[in-house]
Amino acid sequence: MLLQLLDNALGLLLIVLGFGLVIVVHEAGHFFAALWAGIRVQGFAVGFGPAAITYRKGLGLRRSSSEPEYRRLLAQQRARQLPGDPHDRGWISDGGTLVSPCEYRINWVPLGGYVKMLGQEDANPGAISDEPDSYQNASVPKRLVVISAGVVMNVILAAILFVLVFNIGLKQNPPIVGQLSDESPAARAGIVSGDRILEVDGAPVTTMNDAIVAVAMSKKDRPVPVVVQRPGEAAPIELSAEPEPGAQRGLLSLGIPPARQPTIGIEHTTRPDRAFITSTLERVGIDVPLGSTLVSAGGRSIEGSATIAPLREAARESNGAPISLAFKGPDTQVIEVSAAPEAEFMTGAVLFDDVPSGIQHLLGLTPLMKVAATNEDGAKAGLLTDDVFIRIGEADWPSMFEGISQIRAHAGREVALTILRGGELITLRAPVSTQGLVGFTPAGAFETSILADTPRFIDADTRKSVTPASSRLEPPVFGGVRIVAVSGETVTSLIDVREALQRVTLDAHNAGEPATVSLTLETLARESLDAALVDEATWELTPDDLARLHELSWTPGPIVAAFDLAAMTLKADGPLDALAMGAHETKRMLLMTYATFLRLYEGSVKIQALSGPVGIAHTGMQIAAQDLLSLIFFLAVISANLAVINFLPIPIVDGGMFLLLLAEGIRKKPVPIALQNGLTLIGLAIIGTVFVIVTYNDIARIFGS
């Protein structure tokens, strides 16, 4: 715990210093431009709040602000001056020593910085000065340069940082499609696992992040053209996909996960990640050290493979039998183990928080919710891995959809739980966080044949209700029913049910005909799980039902999460190439930021997707925990974003002030102070409102994840 806190503290320090650097560079642009324009600069500060250390030429270093001393000396000098003396322009002669009007400060709050020019205050347009070297007395073209210089410096900084990153080489996920859900927009469009994405919406794709961003920035309610290169195919394949709002901040998504490479945990450098990998390996009973590489699966060699696609093939061919695996450890020793595959089930869409979400089922037969893993909060509540929920709150026999809904409905309170553990019923009361969390990872309890209530399935595209095949059972099934036999074959789990259904319908499926099967059902008493009623149900399955049933195979299971995401290195061939790549990436980031605001206006990007200072700091801490180069790339992105945001036509930011100066140049006189004050208040209101919204969203995401 202490080491994790130290990691977090170091990450926070790095992102605060980095973010401060981005803002200081912005302000340095204003500072040097003001000196060039002959405007008196009264202060250049790093950070906000009280001064920690200051320096002023002629007075030297101080442990607090030298401004009171400067003001006293200035008053004394002006008292000695006679009418007609040349203006001092802020400089003071103190006993033969020249004292500068500009104070350089390092303040106690290390967040950004500012430049103070004579007669120029962003929040107070009326703070003007008649001095000849004041901001107001500089020409409009010079003031336009001063206002624009901060944005220009941020663009230059972004380009420099990108050049540095590409000269060293940045690891990214290649645009290779990982394991797709059958209900994902990508799968419905014909994209398959292993495809390499070449283009999205006409834009070339280099990394998986390029593809994700291109989809997120696409226009609302319009198919997105996607070009992929499929292994074994000579020519690229052109497809069209319909994006949907995804779980990540509601941004448009095709539901494409990145592929994984056959290396265990070597890229997971943070302690929480290492702990997750280790616990995953322990859970599946595989003892291999971090950094081991899978070299064979199911007897087939996969050395040199860039992804774990061969492992998935071995799982599909296993028919449920353990898969033999061979790993080459960091010391080159070969370690042979076996892993149990996991039965594949169907994925249906349900409407969750107004977003189509996937839930697993078997022709509509829906499992109860179980605990796949717990964190510290879940363990304190008394939950254990593989606990099966019989009741959550007011819901009996909850599916994963109903279970999560009930827990969220009890946010900030306790929720009553009845769980099945080792054949015994246990009652608990678990505290629910204000974000609607208890502290566990949910999953479907396919290891039992007790059914949950069937949720309302929908078509993910049209959001219209979809009638599952289980609705044709006669009599109907409902939550709390246990399947004990399929056409006379005894079953104890939904995995057994799946296998039995495939066996008894094989001939009908091969002939393309419908099939009729019988299910022996027990209706259970929730208080004891005793069979209150035994019944026989008849099930008419169509050829389409059978086709979906017999498509189900086996997957590698939880071990997949232990493998690193596939990686590639973006590295320039030389300094000139790095410069070109840096310029291209800077341009792309600037255009993408403008596109974000356009999509906000169109509605395909919601304001909930934006991040404020809290979200930036949280993301930066996570990135800082990876490596310094990733943090530098992140700061380059922030610098490019800051350039765009600062030049938006909003009063009080540089873009709004630029427009006011243009108006002054056209009118040949300043915009009236009253109007400037009004516009400033509007700008403050806009920025304040957005700040509150994005900060709320950031906190909700961080503490609700």
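The values are calculated or read from the model by the stated rules, or taken from the named source; none is laboratory data. Here the structure is a predicted model, which is why all the values come from computation and not from measurement. Cβ: placed from backbone, ideal geometry, glycine included. Neighbour counts: every protein chain shown. Calculation scope for accessible area: heavy atoms of the full protein, side chains included, ligands and nucleic acids excluded. Shrake-Rupley method; radii C 1.70, N 1.55, O 1.52, S 1.80 Å.
At an R0 of 41 angstrom, the distance between the Cβ atoms of ALA306 and PHE478 translates into a FRET efficiency of 0.30.
Pulled fully out, how much extra length does the chain show between GLN502 and TYR696, if you take 0.36 nm times their separation in residues and subtract their Cα-Cα distance?
Full extension from GLN502 to TYR696 adds 64.9 nm.
For the chain, the calculated P(r), taken from all Cα-Cα distances in 10 Å bins from zero up to the bin holding the longest distance, is 3, 11, 19, 22, 17, 11, 8, 5, 3, 1, 0, 0 percent.
Other residues lying with their Cβ under 13 Å from the Cβ of ALA395 contribute a combined charge of -1, Lys and Arg counting +1, Asp and Glu -1. The amide H of LEU198, built 1.01 Å from its N in the peptide plane, has VAL227, VAL228, GLN229 as neighbours under 5 Å, considering only residues 5 or more places off or on other chains.
For LEU362, no residue 5 or more places off, or on another chain, has a built amide H under 5 Å of its own.
Descending by average beta-carbon neighbour count within 10 Å, the peptides 63-72, 155-164 line up as 155-164, 63-72, the highest first.
Given R0 = 30 Å, the distance between the Cβ atoms of ALA75 and GLU121 translates into a calculated FRET efficiency of 0.85. Near ARG421, within a Cβ-to-Cβ distance under 14 Å, what is the net charge of the other residues, with Lys and Arg +1 and Asp and Glu -1? Surrounding charge for ARG421 is -2. The reciprocal of the average 1/r between distinct C-alpha atoms defines the Kirkwood hydrodynamic radius, which for segment 287-348 equals 12.3 Å. Taking all protein chains as they are arranged and a probe of 1.4 Å, the heavy atoms of LYS171 leave approximately 110 Å² accessible to solvent. Each peptide among 233-243, 447-457 gets the average number of other Cβ atoms lying within 10 Å of its residues, and from highest to lowest they stand as 447-457, 233-243.
Take segment 326-403 with all the other protein chains still there, run a 1.4 Å probe, and you get 40 Å² of accessible area per residue. In this simple spin-label approximation, GLU414 and ARG230 carry label points 7 Å from Cα along the Cα→Cβ vector, and these lie 5.7 nm apart.
What does the charge count near PRO476 come to, summing +1 for each Lys or Arg and -1 for each Asp or Glu among other residues with Cβ under 14 Å from its Cβ?
Details: positive: ARG472; negative: ASP453, GLU474, ASP535, GLU536, GLU540.
Around PRO476, the surrounding residues sum to -4.
Here SER181 and GLU376 are evaluated by their C-beta separation; at R0 = 25 Å the FRET efficiency comes out at 0.25.
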